[in-house]
Structures are given as structure tokens and as C-alpha cells.
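Report on the structure given below.
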Amino acid sequence: MQKSCIGYSGTVTEAVDDVKPRRYNSQRRREQAEQTRERVLDAAAKLFSERGFAGASVAAIAAEAGVSEETVYARFKNKRSLLGDLVSRAVRGDDPRPVPEQEGPRAVVAATDQHEQLRIFAADIVLRLERGAPVVAIVAGASRSEPELAELLARLHADRLRNLRVLVDALAANGPLRVGAEEAVETVWALVSPELHELLRGVRGWTRRRYCDWLAASLGRLLLQEGTRR
């Protein structure tokens, strides 16, 4: 489609309005790239779980995803980077924002009752643990022989500690806590560990509801002052 426009010289020139097709094609390419990325991550999650980190080659992951090895390397650089992205996806879910900026943590901060905050937190964190605990177990297992994965595991623990501080700060904003801030953060960090979640739900067979109720009640007993416990 053509349209007239005034050039810098003041004369009328003709320009071709092809912006929309280019935008459409660019958007389509981005969508296709994201779909490919998700297929590779799904394939990696499946093969890492079945074969372990060492046993799942990039060639096997590419074949499972239906793409070339070059595509995997171009997007993720190497297998360790692929595992790191897999962890990030598990923790964040469908929301690309950092965890503290997501809906669940923001709802915890917005609530004005400490027990309600703990219930909201438990309902949010259990979904992250369901997605993330199996991937963290892969990292932990591979970290024994892969120094770079040992570093990744240490970063994961540090990131969890930092993110969980949001809960403690939000609780403290609504009333004094039973323990100091650092002990409170470490208490939450230990109780919501992927390992403990796997023991209670995977080994003992707890339901999601039982786990959430136990977590909210346990955190209330450990963190909140006597007059506010239920």
C-alpha cells in the first residue's frame, strides 16, 4: 500500500507502508523461537530425570525436542547453561519477572494479617517446589562431579535465602516476630527446602493441602509471637 508524504525538501514523495508485515513476521519469529526454547527445555527435563545430567547428551536432548544440536548450542551455549535455565523456569513458572515481583509474593506483602500472609505464602511456594524440587535434585546429584554445577547449587541456595527475606520482612511489617530477622529467614529457608518437600510429599505421600496447612502452621509456631499464634 502506498501513501504520499512530505520529504525534508518540502516535495511530495511516495513511500511504501510495509511496516505491519515486518512487525508481523518479527513477532512470528519470536513466537517460534520461544516455542523451540520450550521444547528443548521440556526435552532436557525429561532426559535429565530419566538419565541424569551426565547421561543426557545434547544430541539426545536435541533429538527429543526435534531440533538440531546447533539449535540447542545457539540458544543455551552448553548443557550446564541449559540446566540453569531449566531451574529458572521451574522457579518462576510462566511469569518471567523476578520472584519477589510476581503475584504471589506481592500478595504476601499486601496482606495485613500475619497468619493470612503465611497461608498465601504456603499456597504460592508449594507450586514452585512442585516444579523446582525435581530439577534441584538433578543439580545436587550432578554437583558431586561437576564443579560448575556445585557453584550453581550454591547460587540456588543463596537465591532462595534472598527471596525468602521478602516473607520475613512482610511479616515483621505487621507485628514483631518471635526471633530475629536472620534466624527467621534461615528458619523459612530450611522448612521450605526442596529436599524436605520431596520427603513429605514424594516419600510420605502428603497431599498439597496437607503440606500447605503444615507449613503455614509450623511457620506460625516458629516465627510469630505467642499472642498471635493460632
Completion exercise
Of the residues in the range 92-105, those that are without any contact (Cβ under 8 Å) to a residue 60 or more places away in the chain, assigned to a helix (DSSP H, G or I) and surrounded by 15 or more Cβ atoms within 10 Å (Cβ to Cβ) come to R92, G104
Practice task
From (1) in a helix (DSSP H, G or I); (2) in contact (Cβ under 8 Å) with a residue 12 or more places away in the chain, pick out the condition that doesn't hold for E70.
Solution key: (2)
Exercise for the section: Among the residues of the range 126-168, count how many are loosely packed, with under 15 Cβ neighbours inside 10 Å, within 23 Å of L222 (Cβ to Cβ) and among the hydrophobic types (A, V, I, L, M, F, W, C). Expected result: 3
Practice task
Being of a type in the set (S, T, Y) and at pLDDT below 85 is the filter; apply it to the range 11-56 and report the residue that is surrounded by the fewest Cβ atoms within 10 Å (Cβ to Cβ).
Solution key: T11
Exercise for the section: Please enumerate the residues belonging to the range 174-212 that are in contact (Cβ under 8 Å) with a residue 60 or more places away in the chain, loosely packed, with under 15 Cβ neighbours inside 10 Å and under 15 Å from F121 (Cα atoms). Expected result: R208
Exercise for the section: Identify, by number, the condition in (1) among the polar types (S, T, N, Q); (2) at pLDDT 95 or above; (3) surrounded by fewer than 21 Cβ atoms within 10 Å (Cβ to Cβ); (4) part of a helix (DSSP H, G or I) that T112 doesn't meet. Expected result: (4)
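The values are calculated or read from the model by the stated rules, or taken from the named source; none is laboratory data. None of the values given here were measured: they were computed from a predicted structure. No Cβ is skipped: glycine too gets one built from the backbone with ideal geometry, and neighbour counts run over all protein chains shown.
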